[in-house]
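The structure appears right after this line, and notes come after that.
The values are calculated or read from the model by the stated rules, or taken from the named source; none is laboratory data. None of the values given here were measured: they were computed from a predicted structure. Cβ: placed from backbone, ideal geometry, glycine included. Neighbour counts: every protein chain shown. These accessible areas exclude ligands, DNA and RNA; they are computed on the full protein's heavy atoms, side chains included. Shrake-Rupley method; radii C 1.70, N 1.55, O 1.52, S 1.80 Å.
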Amino acid sequence: MSAWDADAQVADSPDRSVEEHVRRYIATNGRSGYMEGGCTNLILTYRGRRTGKLYRTGLFFGEDDGRYILVASGSAITHTHPKWYLNVVADPEVQVQILAEKFAVRASTAEGEERARLWKLMTDRAPIYHTYEARTRRVIPVVVLERI
């Protein structure tokens with residue numbers, strides 16, 4: 001069963017507010033939830049690296065030359081990467097939903113000058129990322145999603 005199988009069992013985030021956001025987004029094809037927290041949002045569906053199960057979460061995103069950009073900050077300020085990011089690194093072929101459109105993408109982590117440029121793009125859209133950066137010891141990953 002692939003991650004794109006409409007009948008597949010998918011677990012939503014254990015965070016109730018994220019779970020509610022994801023379900024509302026999906027139920028309305030993004031009419032409710034695409035603009036959330038002052039930013040554009042997508043739904044990311046990925047496979048657990050240990051369980052093999054499908055999970056989904058809602059995330060802010062930006063766009064850069066036909067690619068979609070995510071910041072792996074986590075919903076709270078932590079010193080560990082969010083689970084979705086660790087899973088995407090392990091299996092980078094994932095699915096996104098933007099409004100009503102669902103499609104496959106391949107994820108990669110931006111490095112060096114590209115990371116710096118995309119970090120600025122995302123912090124200009126969501127300045128809260130500066131606060132997250134100041135409160136963690138880790139370098140917050142910037143993820144690039146490209147259609148496949």
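Over the chain, dividing the summed -39,500 (n - 2.57) contributions of all DSSP H runs of at least 4 residues by the number of residues returns a 222 nm mean residue ellipticity of -8000 deg cm²/dmol. Ligands, DNA and RNA left out, the accessible area of the chain computed with a 1.4 Å probe is 49% carbon and sulfur. Which net charge results for the neighbourhood of residue 45, defined as the other residues with beta-carbon distances under 9 angstrom from its beta-carbon, given Lys and Arg at +1 and Asp and Glu at -1? Here the charged neighbours net out to +3.
What FRET efficiency comes out for residue 16 versus residue 137 if R0 is 41 angstrom and r is the Cβ-Cβ distance? Round to the nearest 0.05.
The computed FRET efficiency comes out at 0.90.
Largest GNM mean-square fluctuation among 12, 64, 91, using the chain with Cα springs under 10 Å: 64. Remark: spin-label model distance residue 117-residue 39 equals 2.0 nm, labels positioned 7 Å along the Cα→Cβ axis.
May I ask you to list the GluC sites (Glu not before Pro) in segment 58-148 that are in a DSSP loop and have at most 13 other Cβ atoms within 10 Å of their Cβ? Within segment 58-148, the qualifying GluC sites (Glu not before Pro) (loop, at most 13 other Cβ atoms within 10 Å) are 111. Full extension of the segment from residue 102 to residue 63, taken as 0.36 nm per residue of separation minus the current Cα-Cα distance, would add 12.4 nm. The candidate values were (i) 11.0; (ii) 8.5; (iii) 7.7; the one computed from these coordinates for mean projected area of the Cα convex hull in nm² carries the label (ii).
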